[in-house]
Amino acid sequence: MLRLLYPRPYGKQVREAASRYGVDPFLVWSVMRQESAFDPEATSWVGAMGLMQLMPATAKEEARLLGVESDRFYDVGVNITLGTGHLARLLRRHHRLDWAVAAYNGGSGNVNRWLKGNEEAPQERWIEEIGFDETSDYARRVLANLALYRSLYAEN
(Lines give C-alpha, C1' and ligand atoms only; values in the text may rest on other atoms or scores of the structure.)
Protein backbone atom coordinates (compact mmCIF):
# COMPACT_ATOMS: atom_id res chain seq x y z
CA MET A 1 0.00 0.00 0.00
CA LEU A 2 2.84 2.42 0.82
CA ARG A 3 4.22 1.91 -2.69
CA LEU A 4 1.14 3.72 -4.01
CA LEU A 5 2.06 6.75 -1.90
CA TYR A 6 5.75 6.50 -2.84
CA PRO A 7 5.79 5.76 -6.56
CA ARG A 8 8.83 5.86 -8.84
CA PRO A 9 7.57 7.67 -11.95
CA TYR A 10 9.83 8.65 -14.83
CA GLY A 11 12.05 5.70 -13.95
CA LYS A 12 14.18 5.75 -17.08
CA GLN A 13 14.97 9.46 -16.82
CA VAL A 14 15.62 9.29 -13.07
CA ARG A 15 17.92 6.26 -13.33
CA GLU A 16 19.87 7.76 -16.24
CA ALA A 17 20.41 11.12 -14.53
CA ALA A 18 21.17 9.51 -11.16
CA SER A 19 23.74 7.22 -12.75
CA ARG A 20 25.32 10.03 -14.79
CA TYR A 21 25.74 12.34 -11.77
CA GLY A 22 26.31 9.77 -9.03
CA VAL A 23 23.14 10.55 -7.07
CA ASP A 24 20.96 7.98 -5.32
CA PRO A 25 17.83 7.64 -7.50
CA PHE A 26 15.76 7.35 -4.32
CA LEU A 27 16.96 10.85 -3.39
CA VAL A 28 15.78 12.16 -6.76
CA TRP A 29 12.31 10.65 -6.23
CA SER A 30 12.29 11.96 -2.64
CA VAL A 31 12.98 15.51 -3.81
CA MET A 32 10.51 15.22 -6.68
CA ARG A 33 7.78 13.92 -4.36
CA GLN A 34 8.29 16.83 -1.98
CA GLU A 35 8.80 19.53 -4.59
CA SER A 36 6.05 18.81 -7.12
CA ALA A 37 4.17 15.66 -6.08
CA PHE A 38 5.40 14.36 -9.47
CA ASP A 39 3.55 17.02 -11.48
CA PRO A 40 5.76 17.97 -14.46
CA GLU A 41 3.78 21.18 -14.98
CA ALA A 42 4.06 22.37 -11.36
CA THR A 43 4.94 26.03 -10.88
CA SER A 44 5.46 27.54 -7.44
CA TRP A 45 4.31 30.99 -6.44
CA VAL A 46 7.96 32.15 -6.66
CA GLY A 47 8.41 30.71 -10.17
CA ALA A 48 10.10 27.35 -9.52
CA MET A 49 9.44 25.01 -12.43
CA GLY A 50 8.59 21.39 -13.09
CA LEU A 51 9.17 18.12 -11.29
CA MET A 52 12.32 19.24 -9.47
CA GLN A 53 11.02 22.81 -8.93
CA LEU A 54 14.06 24.61 -10.32
CA MET A 55 14.19 28.38 -10.13
CA PRO A 56 14.78 29.89 -13.59
CA ALA A 57 18.27 31.20 -12.73
CA THR A 58 19.27 27.82 -11.23
CA ALA A 59 17.93 25.95 -14.27
CA LYS A 60 19.85 28.21 -16.66
CA GLU A 61 23.07 27.92 -14.65
CA GLU A 62 22.80 24.13 -14.37
CA ALA A 63 22.07 23.85 -18.10
CA ARG A 64 25.21 25.89 -18.81
CA LEU A 65 27.38 23.91 -16.37
CA LEU A 66 26.10 20.55 -17.61
CA GLY A 67 26.20 21.46 -21.29
CA VAL A 68 22.46 20.93 -21.72
CA GLU A 69 21.33 22.83 -24.77
CA SER A 70 17.68 23.27 -23.91
CA ASP A 71 15.62 25.91 -22.21
CA ARG A 72 12.57 23.63 -22.05
CA PHE A 73 12.75 23.48 -18.27
CA TYR A 74 9.33 21.83 -17.88
CA ASP A 75 10.39 18.95 -20.12
CA VAL A 76 10.54 15.86 -17.89
CA GLY A 77 13.97 14.69 -19.07
CA VAL A 78 15.52 18.16 -19.00
CA ASN A 79 14.09 19.00 -15.58
CA ILE A 80 15.23 15.70 -14.04
CA THR A 81 18.69 16.07 -15.59
CA LEU A 82 19.14 19.62 -14.32
CA GLY A 83 17.68 18.93 -10.89
CA THR A 84 19.82 15.80 -10.43
CA GLY A 85 22.92 17.65 -11.61
CA HIS A 86 22.14 20.39 -9.12
CA LEU A 87 21.72 17.83 -6.32
CA ALA A 88 25.08 16.27 -7.25
CA ARG A 89 26.77 19.68 -7.11
CA LEU A 90 25.22 20.41 -3.70
CA LEU A 91 26.27 17.01 -2.35
CA ARG A 92 29.87 17.64 -3.45
CA ARG A 93 29.88 21.15 -2.04
CA HIS A 94 28.27 20.43 1.32
CA HIS A 95 29.60 16.91 2.06
CA ARG A 96 26.57 15.84 4.08
CA LEU A 97 23.17 14.76 2.81
CA ASP A 98 21.19 16.92 5.27
CA TRP A 99 23.23 19.99 4.35
CA ALA A 100 22.79 19.38 0.61
CA VAL A 101 19.03 18.83 0.96
CA ALA A 102 18.70 22.03 2.99
CA ALA A 103 20.72 23.88 0.33
CA TYR A 104 18.39 22.58 -2.41
CA ASN A 105 15.55 24.40 -0.67
CA GLY A 106 17.17 27.27 1.21
CA GLY A 107 20.32 27.96 -0.82
CA SER A 108 24.00 27.27 -0.22
CA GLY A 109 24.63 30.71 1.28
CA ASN A 110 22.07 30.09 4.01
CA VAL A 111 23.44 26.62 4.72
CA ASN A 112 26.93 28.07 5.10
CA ARG A 113 25.54 30.61 7.60
CA TRP A 114 23.65 27.91 9.55
CA LEU A 115 26.77 25.75 9.70
CA LYS A 116 28.92 28.31 11.51
CA GLY A 117 29.59 26.73 14.88
CA ASN A 118 27.27 23.79 14.10
CA GLU A 119 29.47 21.69 11.82
CA GLU A 120 29.65 18.84 14.34
CA ALA A 121 25.94 18.78 15.16
CA PRO A 122 24.20 15.49 14.42
CA GLN A 123 21.68 15.58 11.58
CA GLU A 124 18.52 15.81 13.70
CA ARG A 125 19.82 18.67 15.84
CA TRP A 126 21.27 20.57 12.88
CA ILE A 127 17.97 20.38 10.99
CA GLU A 128 16.09 21.65 14.06
CA GLU A 129 18.41 24.66 14.25
CA ILE A 130 17.97 25.75 10.62
CA GLY A 131 16.96 29.38 10.55
CA PHE A 132 13.95 28.92 8.24
CA ASP A 133 11.00 26.75 9.30
CA GLU A 134 10.21 26.02 5.64
CA THR A 135 13.71 24.65 5.01
CA SER A 136 13.80 22.72 8.27
CA ASP A 137 10.45 21.11 7.45
CA TYR A 138 11.56 20.47 3.87
CA ALA A 139 14.78 18.73 4.94
CA ARG A 140 12.92 16.51 7.42
CA ARG A 141 10.34 15.54 4.82
CA VAL A 142 12.85 14.78 2.05
CA LEU A 143 14.99 12.69 4.39
CA ALA A 144 11.88 10.83 5.62
CA ASN A 145 10.86 10.24 1.99
CA LEU A 146 14.34 8.90 1.30
CA ALA A 147 14.20 6.49 4.24
CA LEU A 148 10.82 5.20 3.07
CA TYR A 149 11.96 4.82 -0.55
CA ARG A 150 15.02 2.89 0.56
CA SER A 151 13.02 0.59 2.82
CA LEU A 152 10.28 -0.02 0.25
CA TYR A 153 12.44 -0.60 -2.81
CA ALA A 154 15.99 -1.40 -1.79
CA GLU A 155 17.17 -4.73 -3.10
CA ASN A 156 18.72 -7.18 -0.67
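Contact order, relative form, for region 34-129: 16 percent (alpha carbon pairs under 8 Å, 6 or more residues apart, mean separation divided by residue count). Would you please classify the overall shape of region 21-60 from the alpha carbon gyration tensor, given that a ≥ b ≥ c denote the square roots of the eigenvalues, rounded means a/c under 1.5, and beyond that prolate means a/b larger than b/c while oblate covers the rest? Oblate, because a/c is 1.5 or more while a/b does not exceed b/c.
The share of C-alpha pairs in region 101-156 whose separation exceeds 12 Å stands at 66 percent. Label separation (Ala121 vs Arg93): 2.0 nm, computed from points 7 Å beyond Cα along the C-beta direction. The smallest convex shape that holds all Cα atoms of region 1-41, its convex hull, gives 70 Å³ per residue. When you filter the GluC sites (Glu not before Pro) in region 10-49 for DSSP loop state and at most 10 other Cβ atoms inside 10 Å of their Cβ, you are left with Glu41. Per-residue ellipticity at 222 nm from helix content only, as computed over the chain with -39500 (n - 2.57) for each DSSP H run of at least four residues, stands at -20000 deg cm²/dmol. The alpha carbons of the chain stretch over 40, 38, 29 Å along the principal axes, in descending order. Taking all protein chains into account, the per residue accessible area for region 71-156 stands at 51 Å² (1.4 Å probe).
Among the GluC sites (Glu not before Pro) found in region 44-148, those both in a DSSP coil and sparsely packed, with 15 or fewer other Cβ atoms within 10 Å of their Cβ, are Glu69, Glu119, Glu120, Glu129.
The values are calculated or read from the model by the stated rules, or taken from the named source; none is laboratory data. For clarity, every value in this text was computed on a predicted model and none was experimentally measured. Neighbour counts run over all protein chains shown; Cβ positions are idealised from the backbone, glycine included. SASA here: full protein model, heavy atoms, side chains in, ligands and nucleic acids out. Shrake-Rupley method; radii C 1.70, N 1.55, O 1.52, S 1.80 Å.
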